[in-house]
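Participant: One structure, as structure tokens, below. Some questions next.
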Amino acid sequence: MGIGGTALANLIIVLIIGIAVGLAFNRYARSWLSRLGNTRKSDITTSLVGIAGAFIGFHLGVVLSLAASPLVLYIAAAIGAAVVVWFWRGR
């Protein structure tokens with residue numbers, strides 16, 4: 001697999017990680033807005049914030065040279081997505 005195929009695979013995997021973390025937080029974690037009433041953030045918005053966090057985590061892993069294997073970068077992407085969604089939701 002060439003460099004282009006690897007980059008495309010990384011992009012797709014990071015997108016999936018961000019969407020999964022965003023949806024998980026939207027479904028299973030209560031936000032400060034839900035405690036105020038019936039207000040609820042949409043799945044799309046939370047997924048987009050999760051994607052942004054996944055990209056931040058992935059690229060911080062690359063900058064910090066955590067690239068012992070791609071799995072480490074994907075774990076960093078999941079952690080980054082969780083942290084960004086956590087702070088965005090006001091926790």
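Read-outs throughout are calculated quantities, based only on the coordinates presented, and are distinct from any laboratory measurement. Computed from a prediction, not measured in an experiment: that's the story for all the values here. FYI the Cβ positions are ideal-geometry reconstructions off the backbone, even for glycines, and counts take in every protein chain you see.
Participant: Once label points are set 7 Å from the Cα along Cα→Cβ at both T6 and S65, what is their separation, rounded to one decimal in nm?
Facilitator: Label at T6, label at S65, 1.7 nm between them.
Participant: Can I ask one more? Between I16 and W86, what is 0.36 nm times their sequence separation minus the Cα-Cα distance? Round to one decimal in nm. Don't skip to the answer; put the middle values down first.
Facilitator: On the way: separation 70, 0.36 × 70 = 25.20 nm, distance 1.78 nm.
The span from I16 to W86 would gain 23.4 nm if fully extended.
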